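> The structure under discussion is supplied below as structure tokens; questions concerning it will follow.
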Ligand SMILES: NC(=O)c1ccc[n+]([C@@H]2O[C@H](COP(=O)([O-])OP(=O)(O)OC[C@H]3O[C@@H](n4cnc5c(N)ncnc54)[C@H](OP(=O)(O)O)[C@@H]3O)[C@@H](O)[C@H]2O)c1
């Protein structure tokens with residue numbers, strides 16, 4: 001009898017599997033013919049961070065998990081939820097956890113610690129700002145409206161492509177040699193937000209400007225889109241990670257994958273070609 005190729009392979013659970021990084025991880029594993037399950041509120045079965053009763057069903061027959069916390073690893077309660085989830089996962093037979101974290105975020109360290117304490121083989125992906133924030137998240141509407149207002153002053157950020165994060169995550173979930181690694185993931189180039197807006201303008205074929213705003217102004221703008229307590233925390237997080245601490249490159253992508261990271265220009269051209277920035 002011919003054995004099914006995936007018969008002996010246990011499932012990889014991808015939390016946030018419909019999000020910017022998670023859906024790319026799902027695509028990579030599926031393309032390799034590996035069994036993969038989306039862990040999100042719209043998954044089947046559904047996964048909800050705030051409802052631990054939903055955890056066991058998604059963890060059934062799972063060996064590896066890509067852990068993405070929502071809305072942000074630095075939020076109050078995140079570390080406790082991750083600790084509790086990681087304990088359930090390991091108890092249920094999970095042997096490998098790959099955590100998406102943020103670079104230069106003290107608030108994310110407790111969540112990282114929870115994964116490192118779990119007893120599973122772990123890998124931490126400390127990521128810079130995602131390029132895709134401009135095309136698949138909260139900066140999409142500002143780009144479409146030709147004005148990106150942020151409390152980022154003139155600081156430079158090494159924007160990282162979610163495709164690179166997904167490549168590293170897929171490698172850490174399926175290959176040997178990544179256990180116990182903390183990968184700081186950056187793009188290959190530092191750009192100020194003004195320069196990023198310039199790249200987007202070039203790719204989109206019209207002027208999109210960056211406008212530095214005060215933290216107070218930004219908090220009030222954010223509060224129109226997200227719950228007030230999230231707005232204050234997110235604003236605080238932006239101010240801290242954009243204070244210059246992250247204005248240097250790291251070799252995380254190269255170290256994990258043996259190749260350089262994708263450049264912002266290529267990201268911007270690709271995003272513009274999808275029409276996402278068209279008005
Ligand atoms: N953006 C950045 O620049 C940046 C940088 C460093 C680190 N990070 C970290 O990246 C993480 C977010 O990852 P991402 O950007 O790949 O995801 P994302 O695009 O923000 O998507 C969120 C994902 O989580 C799911 N989700 C939302 N609420 C949920 C809930 N209550 N319970 C379970 N699942 C839920 C969503 O699916 P459903 O809607 O189907 O539930 C979706 O799959 C955060 O922890 C953040 O700290 C972000």
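The values are calculated or read from the model by the stated rules, or taken from the named source; none is laboratory data. As the structure is a prediction and not an experimental result, all values here were calculated from the model. Cβ placement follows ideal geometry from the backbone for every residue including glycine, while neighbour counts extend to all protein chains displayed.
> Can you tell me how many residues in the range 151-196 are assigned to a strand (DSSP E or B) and more than 12 Å from the ligand (Cβ to nearest atom)? Steps first, answer last, please.
First, the residues of the range 151-196 that are assigned to a strand (DSSP E or B): 156-157, 160, 181-185, 191-192.
Remaining after also requiring more than 12 Å from the ligand (Cβ to nearest atom): 156, 181-183, 191-192.
Final tally of qualifying residues: 6.
> Give me the residue from the range 90-105 that is more than 10 Å from the ligand (Cβ to nearest atom) and either part of a loop (DSSP other than H, G, I, E, B) or touching a residue at least 60 places away in the same chain (Cβ under 8 Å) (or both) and, out of that set, nearest to residue 184 (Cα to Cα). Spell out how you get there, then give the answer.
Step one: of the range 90-105, the residues more than 10 Å from the ligand (Cβ to nearest atom) are 90-98.
In the following step, the residues that additionally are either part of a loop (DSSP other than H, G, I, E, B) or touching a residue at least 60 places away in the same chain (Cβ under 8 Å) (or both) were identified as 92-96, 98.
Numbers: 92: 29, 93: 28, 94: 24, 95: 22, 96: 19, 98: 13 Å.
Applying the filter and picking the extreme gives 98.
> Quick one: in the range 58-84, which of the residues that are within 13 Å of the ligand (Cβ to nearest atom) and over 18 Å from the mean Cα position of the chain (by Cα) is nearest to residue 137 (Cα to Cα)?
Out of the qualifying residues, it is 77.
> Of all residues in the range 27-54, which are within 10 Å of the ligand (Cβ to nearest atom) and assigned to a helix (DSSP H, G or I)? Write out each step before concluding.
Pass one, the range 27-54, residues within 10 Å of the ligand (Cβ to nearest atom): 38-43, 46-51, 54.
Within the range 27-54, 54 is the sole residue that qualifies.
> When you go through (1) surrounded by fewer than 16 Cβ atoms within 10 Å (Cβ to Cβ); (2) within 23 Å of residue 50 (Cβ to Cβ); (3) modelled with pLDDT under 95 one by one for residue 117, which number turns out not to apply?
For residue 117, the exception is condition (3).
> Of all residues in the range 119-147, which are within 14 Å of the ligand (Cβ to nearest atom), assigned to a strand (DSSP E or B) and within 22 Å of residue 191 (Cα to Cα)? Show your work before the answer.
Taking the range 119-147 first, the residues within 14 Å of the ligand (Cβ to nearest atom) are 124-140.
Right, trim to assigned to a strand (DSSP E or B) and you get 124-127, 130.
Within the range 119-147, 125, 126, 127, 130 meet the criteria.
> Hey, among 167, 161, 176, which residue is out of contact with any strand residue (DSSP E or B) (no Cβ under 9 Å at 6 or more places or on another chain) and closer than 20 Å to residue 19 by Cα? Break it down stepwise before answering.
Details: 161 fails: out of contact with any strand residue (DSSP E or B) (no Cβ under 9 Å at 6 or more places or on another chain); 176 fails: closer than 20 Å to residue 19 by Cα.
Only one candidate qualifies: 167.
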